[in-house]
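Presented below is the structure to which this report refers.
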Amino acid sequence: MLKYFTFAQLNFLLEMAKQNYNQTEENLANIEEAVGRTEKFVENNKKNMSYGVLALFAVVILYMGYQKYVSKPAEEAAYNTIWEAEQLFGNDQFAAALNGNDDVVGFLSIIDEYGSTASGNLAQYYAGICYLNIAKNDSATATYNYEEAIDHLKSFDSEDINIKAMSIGAIGDCMMELGDKDGAAAKYVAAANYKDNDLLTPMFLKKAGMTYSLLGDHDKALELFNRIKTDYFKSGEYAEVKKYIAREEQFLGK
């Protein structure tokens, strides 16, 4: 059945249609204006945008070139060079390993030439330990060598559980020799806490405990020795820690 509308209803429908048409025209006009602004922005900035794209492309190319022609060859060269100094280090020839000789490139030269490589970073650790051992055997230059050892060990970075903890502990040894017991104790604790393991953690806890005892902080020393007794009963330090605990308790009157 046909539906009839009154004159008033027809007028209302016509007015609504007119409003919808006007709204549609307005939306289209807004879209056109936005597109126009975008086109104008691109037109005005296309040169800058091209420069930006070219610059980004150049950075990517330079990075890839650096990795292929600079970084990778340097890594290989450093790796092929350091092993001879490592051999001298393993034979306790610390001065030769550090400074090199007619046949071997020393750790210091490797750091200078390949410092940004993984082997150059490892050479920082070796150099620090070399200076530490040289200092122990040469009292005349001990202070200088301990300070050099600290500088190189601080420059060394690694995620390896053992070697990083050892480097921190070695800094503590140097500080201890230089008379900085507070600094040494803090480094021993840091080495113990670096990443918990049954080998190095109790060893550095013992060093820290003994250092705090020398400083007169017997509460802290007792706390550290008790950690060994409680958590590291399988360690070599556990066998003798009871006597250290008894000594600290005696100091504390317990």
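Bear in mind that the values in this text are calculations on the coordinates, not laboratory data. These numbers were taken from a predicted model, which means no experiment stands behind them. Virtual Cβ from ideal backbone geometry, glycine too; neighbours counted across all protein chains shown.
Just flag the GluC sites (Glu not before Pro) in segment 130-230 sitting in loop per DSSP whose Cβ has no more than 10 other Cβ atoms within 10 Å.
Working: sites: Glu147, Glu148, Glu159, Glu177, Glu223; in loops: Glu159.
Taking segment 130-230 and a limit of 10 other Cβ atoms within 10 Å, the loop GluC sites (Glu not before Pro) found are Glu159.
By its C-alpha gyration tensor, with a ≥ b ≥ c as the square roots of the eigenvalues, how is segment 122-192 shaped: rounded for a/c under 1.5, else prolate for a/b larger than b/c, else oblate?
It comes out oblate by the Cα gyration axes.
In what sequence, highest mean first, do 82-94, 204-216, 240-252, 120-132 appear when ranked by Cβ atoms within 10 angstrom? If you can, show how the numbers build up before the last one.
Details: 82-94: 16.7, 204-216: 21.5, 240-252: 14.9, 120-132: 24.5.
Per-residue Cβ counts within 10 Å, averaged per peptide and sorted highest first, yield 120-132, 204-216, 82-94, 240-252.
Just need the relative contact order of segment 160-254 here, percent rounded to a whole number, with Cα pairs under 8 Å and 6+ apart. Before the final figure, lay out the partial values.
On the way: 121 pairs, mean separation 20.0, N = 95.
Once normalised by length, the contact order is 21 percent.
Please rank Lys254, Lys195, fewest neighbouring Cβ atoms within 10 Å first, as an exposure proxy.
Values: Lys254 10, Lys195 14.
Ascending Cβ contact count within 10 Å gives the list Lys254, Lys195.
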